[in-house]
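The values are calculated or read from the model by the stated rules, or taken from the named source; none is laboratory data. Only a predicted model underlies this, so the values are computations on that prediction, with no experimental measurement involved. Note: ideal-geometry Cβ built from the backbone for every residue, glycine included; neighbour counts use all protein chains shown.
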Amino acid sequence: MRSSNLNLALSLVVFACACGDDTTFTPPATPHFGESTTDELLAAMTLEEKVDQMHGASFAPVNDLYETPKNERLGIPGLRMVDGPRGVRAGHATAFPVAAARAATWDPELERRVGAAIGEEASAKGATVLLAPTINVLRHPAWGRAQETYGEDSTLIGDMGTAFVMGAEEHVLACAKHFAANSIEDTRFDVNVTIDERALREVYLPHFRQLVTEGGVSVVMSAYNKVNGQYASENEHLLSDILKGDWAFEGFVVSDWVFGTHSTAPAANAGLDIEMPSGTYFGPLLVEAVHNGSVDEAVIDDAVRRILDKQLAASLKPISDASVVESDEHRSLARDVAVEGMVLLKNEGVLPLAKPTGQSTVAIVGALASIANLGDTGSSAVTPTSAVAPLDGLEALVGAEHTVFLPGPSLSAADLTSLQGVDAAVVVVGLTSDDEGEGVATKGGDRETLRLSSEDEALILSVAANAPRTVVVLEAGSAIVVRPWVDQVGAVLMAWYPGLEGGNALASVLFGDAAPGGRLPVSFPADEADLPVFDHSSLEVQYGFLHGYRYLDAMGRNPEFAFGFGLSYTTFEMTNLVLDSTSKASGDVLTVSVDVENTGARAGDAVVQIYVHPESSEVERAPRDLRGFARVPLAIGEKRTVDVPLSVDAWAYFDVATNQFVLEPGDYVVEAGSSSRELPLNATVTISP
Ligand code: BGC
């Protein structure tokens, strides 16, 4: 089957859940294991009963939940799985800002609360497994699923993903996906990613390891794609050597849906534990494989022990009440996150806008202004009962009588005249699920360009030529090339897909009731040609060691807006970088402290970012790597000393000769500042052998 047909087939199966209809959940009558231990249960199970636990029950979800079979005889409840990364894809649920927006908060504690809220809603819907977070590296901003992950840097992804997992696992089992090297959408089912062991271990896997070892994530989903010639779901190196071996992962591995499993014995022997959503390869064929000796029963026992242990863990978690779904508390959390994640990219004294009074008005321009643009409609889709569009948010805050809505896409002469009489114009442009997202049927998929559509670019320029002040609000899941128009406008605000309270969050930021707090989790290049090539049609791609800011830094190319960058309505000064010691060794933590002061006239949040690089190295290194960060709220004039602890072992490189991480002795430069390109402070620490 060609890829587009595969996508269509998948959309009929996986996306059959239209969602939006409310489902009621009745807890199963006997969701317990009686008094039996996992080992006793295993001993009591027939081979068929064991294999039954190793695949989904059906292609069709029940109440929007994908199930694995119960075992009534032994009181095994089975699992109930639901997406996803920005909220629960079952009935109505709170649609949070997408993970890209949440990454822009650089606030793991806030992300822990989001994970807990989504986990709580998943539990209230009857799920025991939440198919989130997505933690693939955003290798290139054109990846269709960019919005689902936490940006381009493995330290940021790891810290945010770990926080999400810790929150979600209070209520359900969380699932880190898609393991691994899944960063292209259009060819996702079959693309072979060739990658050397260093890039794999140092760039594409460290955050997965962190979610396993620090986050205690219970479930890992294998990717669709191949890695070095083998499908991820039957990749022994990934699943057995690294995940279950090196990292001692105790949970279970589930395949990605429908086209994510390709074999019986190779997949089972490699370490895949559950085929989803049905048992094409892991049903009777797996029983047969044990009988004919191609799979040892010990492999089955290992898988089933993992699955039963986690079912037991899930059954001990509290079942949430239906009232938590779309609760006021979750709505207001979604709004706070949207505010904290909005990134002010440019502001020439335009924002915050004065609230219009008397006869004055503010124009809001563009078709997206009247739409609550929640993001992808693939597996990460969430359907809230109601959602606030930018226009609704503006009208609610400043009054409809002070708001002029011009939908475009082109503006009439009368529109242009009316723009000359407004205080300011806010142009809302960007992408929708038609332009980027999970590659389903004819929509979404990878982006063809990082620029806006020609209509959007023309709209911005015509508004800028007529309105006294022009603010551009961007909605998208990752970087946009703004060079063709950015010099003509007064302010640019990156709003991402800001969730069900997005319109209210946006209005409060535009008019200064709240301050935009985000910093970019992805570099915005000046020109797409400055980035590595993104090949989304070939079935053979090579992943290199450098991408994102590391690549731009190494190539000496200036981004339009650097990784980590974001303005505020106030100003900050960072001074006095102090290391707790200038000499460290493997196993140590280096505490970096920096004084940060709010030097402006408003309260605001600074984000202190710490980057590290060795003075010299035996191997290729990125010019600098983000190794730690801290978000700090500061009142006007407030000054605080911020401590950022760094584990020095994270600076090790993977030595392919000895197959282990090596922390090179020598001097390392520790830089601190407000983005990957604004690092005014530095000091040196020596790592002793
Ligand atoms: C996606 C997964 C998702 C699964 C179940 C797949 O197509 O890649 O992220 O969890 O469907 O909906």
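Enumerate the pairs (first residue in the stretch 675-688 and over 16 Å from Ala606 (Cβ atoms) and assigned to a strand (DSSP E or B); second residue anywhere and modelled with pLDDT of 95 or more and charged (D, E, K, R)) with beta-carbon separation below 6 Å, excluding pairs fewer than 6 apart on the same chain, so at least 6 apart or on different chains.
Final answer for the pair search is Asn682/Glu671; Thr684/Asp667; Val685/Lys584; Thr686/Asp667; Ile687/Lys584.
Among the candidates Ala387, Ala424, Ala381, which residue alone is closer than 13 Å to Thr361 by Cβ, small (Gly, Ala, Ser) and buried (at least 18 other Cβ atoms within 10 Å of the Cβ)? Walk me through it before giving the result.
Numbers: Ala387 fails: closer than 13 Å to Thr361 by Cβ; Ala381 fails: closer than 13 Å to Thr361 by Cβ.
Only one candidate passes the filter, namely Ala424.
If you check Gly408, Gly349, which single one turns out to be of a type outside the set (D, E, K, R), in a loop (DSSP other than H, G, I, E, B) and modelled with pLDDT under 95? Quick ask: steps written out before the conclusion?
Working: Gly349 fails: modelled with pLDDT under 95.
None of the others qualify; the one that does is Gly408.
Select from the stretch 177-199 the residues that are out of contact with any His (no Cβ under 9 Å at 6 or more places or on another chain) and of a type in the set (A, V, I, L, M, F, W, C) and list them in ascending order.
Within the stretch 177-199, Phe179, Ala180, Ala181, Phe189, Val193, Ile195, Ala199 qualify.
I'd like the full set of residues that are buried (at least 24 other Cβ atoms within 10 Å of the Cβ) and either without any contact (Cβ under 8 Å) to a residue 12 or more places away in the chain or of a type in the set (A, V, I, L, M, F, W, C) (or both), limited to the stretch 392-401. Let's see the steps before the verdict.
Going through the stretch 392-401, the residues buried (at least 24 other Cβ atoms within 10 Å of the Cβ) turn out to be 393-394.
Across the stretch 392-401, the qualifying residue is only Leu394.
Of everything in the stretch 354-372, what is crowded, with 24+ Cβ neighbours inside 10 Å and either assigned to a loop (DSSP other than H, G, I, E, B) or of a type outside the set (A, V, I, L, M) (or both)? Give them in sequence order.
Within the stretch 354-372, Gly366 is the sole residue that qualifies.
Starting from residues that are farther than 16 Å from Met166 by Cα and assigned to a helix (DSSP H, G or I), keep the ones in the stretch 79-102 and report whichever is farthest from the chain's Cα centre (by Cα).
From the stretch 79-102, those farther than 16 Å from Met166 by Cα are 79-83, 88-98, 100-101; that's our starting set.
Next, only the ones that are assigned to a helix (DSSP H, G or I) stay: 100-101.
On the way: Ala100: 5, Ala101: 8 Å.
The extreme case among them is Ala101.
Output the residue which, of all residues in the stretch 156-185 that are among the hydrophobic types (A, V, I, L, M, F, W, C) and assigned to a loop (DSSP other than H, G, I, E, B), is farthest from the chain's Cα centre (by Cα). Talk me through it step by step, then tell me what you get.
Here is the first cut: in the stretch 156-185, the ones among the hydrophobic types (A, V, I, L, M, F, W, C) are 156-157, 160, 163-166, 168, 172-176, 179-181, 184.
So of that shortlist, the ones also assigned to a loop (DSSP other than H, G, I, E, B) come out as 172, 180-181, 184.
Working: Val172: 19, Ala180: 14, Ala181: 14, Ile184: 15 Å.
So the residue we want is Val172.
Only one residue in Ser370, Ser386, Ser379 is out of contact with any Ser or Thr (no Cβ under 8 Å at 6 or more places or on another chain) and within 16 Å of the ligand (Cβ to nearest atom). Which one?
Values: Ser370 fails: within 16 Å of the ligand (Cβ to nearest atom); Ser386 fails: within 16 Å of the ligand (Cβ to nearest atom).
The match here is Ser379.
Quick one: in the stretch 56-78, of everything that is away from the ligand (no atom under 14 Å from the Cβ) and surrounded by 22 or more Cβ atoms within 10 Å (Cβ to Cβ), which residue is farthest from the chain's Cα centre (by Cα)?
Ile76
From the list Val337, Val325, which one is more than 29 Å from Ala479 (Cβ to Cβ), crowded, with 23+ Cβ neighbours inside 10 Å, away from the ligand (no atom under 16 Å from the Cβ) and touching a residue at least 12 places away in the same chain (Cβ under 8 Å)? Give the steps one after another, and end with the answer.
Details: Val337 fails: more than 29 Å from Ala479 (Cβ to Cβ).
The unique qualifying residue is Val325.
Limited to the stretch 247-257, what total is found for residues that are within 16 Å of the ligand (Cβ to nearest atom) and closer than 19 Å to Val227 by Cβ?
5
Across the stretch 44-55, which residue is nearest to the ligand (Cβ to nearest atom) among those that are assigned to a loop (DSSP other than H, G, I, E, B) and more than 25 Å from Val165 (Cβ to Cβ)?
Going through the stretch 44-55, the residues assigned to a loop (DSSP other than H, G, I, E, B) turn out to be 45-46, 53-54.
From what's left, more than 25 Å from Val165 (Cβ to Cβ): 45-46.
Details: Met45: 27, Thr46: 29 Å.
Among residues in the stretch 44-55 that are assigned to a loop (DSSP other than H, G, I, E, B) and more than 25 Å from Val165 (Cβ to Cβ), the one nearest to the ligand (Cβ to nearest atom) is Met45.
Looking at the stretch 144-163, can you tell me whether even one residue there is away from the ligand (no atom under 14 Å from the Cβ) and farther than 16 Å from Val522 by Cβ?
yes
Considering only the stretch 164-213, state which residues are within 14 Å of the ligand (Cβ to nearest atom), among the charged types (D, E, K, R) and under 19 Å from Gly548 (Cβ atoms).
Answer for the stretch 164-213, where residues must be within 14 Å of the ligand (Cβ to nearest atom), among the charged types (D, E, K, R) and under 19 Å from Gly548 (Cβ atoms): just Glu185.
Filter the stretch 516-530 for residues that are of a type in the set (A, V, I, L, M, F, W, C), in contact (Cβ under 8 Å) with a residue 40 or more places away in the chain and surrounded by fewer than 23 Cβ atoms within 10 Å (Cβ to Cβ) and give the result. Break it down into steps so the answer makes sense when it comes.
Residues of the stretch 516-530 that are of a type in the set (A, V, I, L, M, F, W, C), as a first pass: 520, 522, 524, 526, 529.
Okay, now just the ones that are also in contact (Cβ under 8 Å) with a residue 40 or more places away in the chain, so 520, 522, 524, 526.
Selection gives Ala526 alone.
Please determine, by comparing only the residues of the stretch 263-309 that are hydroxyl-bearing (Ser, Thr, Tyr) and within 16 Å of the ligand (Cβ to nearest atom), which one is surrounded by the most Cβ atoms within 10 Å (Cβ to Cβ). Can you show your working first?
Here is the first cut: in the stretch 263-309, the residues hydroxyl-bearing (Ser, Thr, Tyr) are 263-264, 278, 280-281, 294.
Filter once more, keeping what is within 16 Å of the ligand (Cβ to nearest atom): 278, 280.
Details: Ser278: 19, Thr280: 15.
So, considering only residues that are hydroxyl-bearing (Ser, Thr, Tyr) and within 16 Å of the ligand (Cβ to nearest atom), the one surrounded by the most Cβ atoms within 10 Å (Cβ to Cβ) is Ser278.
Is it the case that Asp553 is in a loop (DSSP other than H, G, I, E, B) and acidic (Asp, Glu)?
Working: in a loop (DSSP other than H, G, I, E, B): no; acidic (Asp, Glu): yes.
Against the criterion (in a loop (DSSP other than H, G, I, E, B) and acidic (Asp, Glu)), Asp553 does not qualify.
Between Gly260, Gly229, Gly216, which is more than 16 Å from the ligand (Cβ to nearest atom) and closer than 22 Å to Ser537 by Cα?
Working: Gly260 fails: more than 16 Å from the ligand (Cβ to nearest atom); Gly216 fails: closer than 22 Å to Ser537 by Cα.
After applying the criteria, what remains is Gly229.
Within the stretch 79-111, can you find the residues that are touching a helix residue (DSSP H, G or I) at 6+ places or on another chain (Cβ under 7 Å) and within 15 Å of the ligand (Cβ to nearest atom)?
Scanning the stretch 79-111 gives Leu79, Val82, Pro85, Arg86, Gly87, Val88, Ala93, Val98, Ala99.
When Leu41 is evaluated against the numbered criteria (1) at pLDDT below 95; (2) closer than 25 Å to Ala174 by Cβ; (3) within 16 Å of the ligand (Cβ to nearest atom); (4) outside any loop (DSSP other than H, G, I, E, B), which criterion, by number, is the only one it fails?
(3)
I'm checking my understanding of the structure. Among residues of the stretch 243-267 that are among the hydrophobic types (A, V, I, L, M, F, W, C) and free of Cβ contacts under 8 Å to residues at least 40 places away in the same chain, which one is nearest to Phe661 (Cα to Cα)?
Checking each candidate, the answer is Trp247.
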